Each structure stands twice: as C-alpha cells, then as structure tokens.
1. Can you give the alpha-carbon Rg of segment 281-341 over 2.2 N^0.38 Å, where N counts its residues?
2. Given segment 1-116, report the % of alpha carbon pairs whose separation exceeds 25 Å.
3. Using Cα pairs under 8 angstrom and six or more residues apart, how large is the relative contact order of segment 272-322, in percent?
4. Below 8 Å between Cα atoms, with a sequence gap of 6+, how large is the relative contact order for segment 97-203 in percent?
5. Given segment 53-377, what count of lysine pairs have C-alpha atoms under 29 Å apart, with each pair 8 or more places apart or on different chains?
6. Just going by the charge dipole of the chain, with Lys and Arg at +1 and Asp and Glu at -1 on Cβ, which of Pro151, Leu242, Met331 is farthest out on the positive end?
7. How far apart, in nm, are the 7 Å Cα→Cβ label points at Gln342 and Thr231?
8. Considering only DSSP beta bridges with both partners in segment 53-377, what is the antiparallel share in %, to the nearest 5?
Amino acid sequence: MTALSLEPILNRALAGADITEAEGVILLLQTEPAALAVIQATADQLRQRQVGDTVTYVLNRNINFTNICEQHCSFCAFRRDAGQAGAYWLDEAAILQKTAEAVEVGATEICMQGGLNPQAQIDHSSLAYYLKIVRAIKSSFPQLHLHAFSPQEVEFIARQDGLSYAEVILALQAAGVNSMPGTAAEVLDDSVRQILCPEKISSAIWLEIVETAHRLEMPTTSTMLSGHIETPQQQMRHLGKLRDLQQQRHPAQFSEFILLPFVGQDAPKPLRRRVGRDQPVLSDALRLMAVARIFLGNWIVNHQPSWVKLGLEGAATALNWGCNDIGGTLMEEHITSMAGAQGGTCQTAADLQAAIVSVGRLTQQRDTLYRPIPLMQQISA
Ligand code: SF4
C-alpha cells in the first residue's frame, strides 16, 4: 500500500476513532519509508494530543528476589533450579538493604518480581512468604509504592495454597502491594505461548487475573513481548484484548503500555535459532510502538519503550514514535540482561533526563501511577 492509501485509516484515528485490529495489521505490514513516515507522524500527533509533550520517568529499583523457578520458558536465561550454579534467593535483610539504597537516592517505587520458587511454601503457605516480604518493606518504608508480583506469580501463589485469585490479590493489597506489573503477558495467543512459555498461564487466565485486580482496585501495567515468532495478526489480537479490558472501565485500570522487544542473545538455544537473531530490530519496535499508540491511545494514554531492551538511544528514538514515558532508573535488572540485552541495567535520573532532552522534549519525574512528583519532593539522584 502507498502512504496515500493509508490515509483513510490514519485520518479516522486522527479524528478520534478507534481503528480495528485488521487496520492495525495493515499498518504493521508497511515497510516503505513514505508509509512509515505517515504512520510515525500520526502516532506522534496523537501522542501530543492525548498526553502532551512532556516525557515522564520514574525513580525506581527493580528487585528480582529469586531466580529459582519451576518453569522453563523458552526465552528465559534468568531461571535456575534450586542448587544449580548461579541460583539465588534473597533473604529479607538483603531485600531491605536494596530497598534502603533505593530510598537513599530518591526512589519512589520498588518493582519486585521473581521466579516461581516452590520453596516459597516453606511454612506450608506461599502467600505467607510473599506477605512477609511485602510487610517487611512496607513497615520500614511505608511511603514507597510497591509494584509487585505478576499475574503469573498470583496464579502460582493461588495454586500452591488452594486460594482464589481474588483472595491472593486482596491479601497482597492489604499487606501493602500498590500495583501489579502486567508482565507474563508475552503475547496473548495460546499457540504462541505453547512455544514461548508452555507452562505459563493461558491468555484467558492472564486476562482473568488482571481483570480481577482491576475490579479490586489494584492497577496494573500492560506489556507485550514482541519480535520473536508472533505474527502481526497476533500482535494486534494482543493489543485488542488489552483495549477490550480497558474499555470495561473497572475501578482500576492499565496505567501504561510497555513494549518489550525480544532479546535472545543468551536465551536458551531453540527459540533463538528459530527467531534467527539476538538483538531487537529497532525499526520493527518503532513501527509497533507507533501502531500501539494509534490503536490503544484513546484508552491507554501512557506508552513506554524499554531502554533495557532497546538501549537508551533506541528508547529515546521511540519518543518520536508515539511514546511519552522513558521508564524507570531500575538500578538493577537481571531478567533481560541475563538474556544478553545490551541496554544496561541501571540509569540515573540524569541519564533519563538527558535522553529525553536529546529529542527536544521536556522532562517530568512521576510516580508509578503517573502523578507528577513536585520539584520540592524530588531528591536529585
Ligand atoms: S520467564 Fe519467569 S516464569 Fe518463565 S522460566 Fe523465567 S523466571 Fe520462570
């Protein structure tokens, strides 16, 4: 298709309408520079209209409390069996130490996720273990926003302890978890999941857990792991499922959409061979971010590229393709860096600000739920 023939789709989006999944597929199939330029311009214009010119970032620390995991996702270089070389399980003191270091440099959020470690049931209740670490953090640092435990971890706790998803979410929330990472979504298509992560929850269960969280006033993020074996049709179905859920207007919602392009360098061999390359293709990620803005932007206004996956320069480029947020400082990152990502594992606020300024935009520190942090409350990091 020519750039001209895309106009009816793009003009409808610019007029405020939601484009269809089929129209999104058409956009994703474009490779001509002129067609890509009009897709980019549309995404940029919608971003500007929906959320403005300021680019936000969050001061946070990632804590991956264990890499011992019962599952064997085909893209995962992070997991270990208990007792295997490199396996770790942080104790409460280590988690608190990392949290204290984060607070010291002004972090407002701890993002905590880990492997599905069957040993968590040590005291006959996995939930008790998770609650213990939540309470430890929250009793020492009640001001922190705790963004913790993916839908897959909620399912793991529920399965281990014979509880409902709602019971797990309510207990975590009561103990101090403020929001849930929308990870483990990968691509919400069961034929893709069968190859990527056959032991993980199905698409339907992912959506059920997230919907339960939203009903219980627990906000979540939304993510997509892109650029492996999935088709443009499956990418659009994924975005369609996210949009459908957001349109239900539950008391809590998706706060943002994050694109996580696949990094395979050190991932287990079979999937790497099948995908045929080690690092994300920036142009594919940029086109997908633009289409995500055009497709989702009326419903999910905040869009974030992953600097861990794309590098800070790549993430800054994505700010011109529909994104309005550059993510967090993280301070440490294990899951993607162990897969061979070259984006680094830590950024300072100054690094993130410089990346934003490099594309001519204004910067604003935010909290996890996108509320601006007033200058008076910011600690320079
Ligand atoms: S991606 Fe998560 S669930 Fe899958 S093997 Fe790795 S740590 Fe386990």
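1. Against the empirical 2.2 N^0.38 Å value, I get 1.14 for segment 281-341.
2. Tail fraction, whole percent: 56.
3. Across segment 272-322, relative contact order equals 42 percent.
4. 27 percent
5. 10
6. So the residue we want is Leu242.
7. Each label point is offset 7 Å from its Cα along the Cβ direction, giving 3.2 nm.
8. Percentage antiparallel, nearest 5: 5.
Read the figures in this text as sums done on the coordinates, not as results from a lab. Because the structure is predicted, anything quoted here is derived from the model rather than measured. Neighbour counts are summed over all protein chains in view; Cβ atoms, including those assigned to glycine, are modelled from backbone coordinates with ideal geometry.
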